[in-house]
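Single-structure report; data block below.
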Amino acid sequence: MNTADTTAVQFPDYRPPRLLGNGHLQTVYPTLFRRLAPEHYRRERLETDDGDFLDLDWSETGCSRRLAIISHGLEGHSHRAYVLGMVRALNRAGWDTLSWNQRSCSGEPNRTFRLYHNGSTDDLQRVIDRVKQTGSYDEVALLGFSLGGNITLLHLGRQGERIDPLVRKAVAFSVPCDLKSGAEKMTRWSNRMYMKRFLVDLHRKVRWKMEQFPGRIDDRGYGRIKDFQGFDDRYTAPVHGFRDAEDYWARCSCKPHIPGDHRPDPDRQRQKRSDTFPAMLPGGGSRGQPDGDPAAAGIRGPRGFRGVQRGRALLVGKGGGAVSLTRVRVGEDEGFFQVD
């Protein structure tokens, strides 16, 4: 595919709701006060080929041949407000949804020693394979938030031309495209509140594994861990077969799979920004998207996909088939966007 094959998909820049122009308010307010009634999920437990399970929550309109697979963020789950808001918006637009809970995120410990991480594209493929088995859909869109967005784009990059033809669209929000840069950004004093919360939630997962696998893991001195470098060096990397945090970040960042100019844009960096994390959307935390990720319209997406990034959402459509974005409704109660 050459540059001429790429046509920019234009959509308006995000404008925050009145009184929520600050990125911290955009993050904290929806987390504390946005309340959505649980969707009428149909839960399915998918048994994996390595002796574990994934809990899938389906929301079906009853008449759709189109399905959106939604991947949540770090320490999220299918009942987070940002997921429920997206489910409701897509259902109203005529799409079925499948919100999958990553290992250990559905309310109970998973069975195996491994958990989930930014490179867990194998589990996303398992979910896609399950959708194919149903034979119920002609078109699938992948949606990912934060860690789930990185997994989505990394999956597209790793699959390349082998991507299942059923997958026709992908949308990623608030993606930590460069995990090293994102982890460094989370060490800033202004992000200390979010970092502390992540570490508290992740500690619970460590304790689960201590109970399940005595002697293989422990939490001695856990309180001395202050950032993702410390956590990923001690837990994520060794548990999942990486040499250390740096190796994990390098191998699981989606950024290398997004062609384009990755150099920082001086004009963009000089602009005053209201968002704590570029690409932050109301309702979800993030590991931080590094400064200087490609934000120009018309970049080509991961191997056979094409995309447009406008700072807050990366949209990719397969081959010559355009993604039609009829409107962007970021931060509204009904959800974030609608695609035709």
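Each value in this text was obtained by applying a stated rule to the coordinates, not by laboratory testing. Computed from a prediction, not measured in an experiment: that's the story for all the values here.
Points to keep in mind about this one:
- Entries of 169/205; 132/209; 169/226; 185/209 with Cα pairs more than 30 Å apart: 169/205; 132/209; 169/226
- Anisotropy class of the range 77-136 from Cα gyration tensor, a/c 1.5 cut: oblate
- Percent of C-alpha pairs per 5 Å bin, the range 81-229, short to long: 2, 7, 14, 18, 19, 16, 11, 7, 4, 1, 0
- Whether the range 142-185 is rounded, prolate or oblate, judged on the alpha carbon gyration tensor where a/c under 1.5 counts as rounded: oblate
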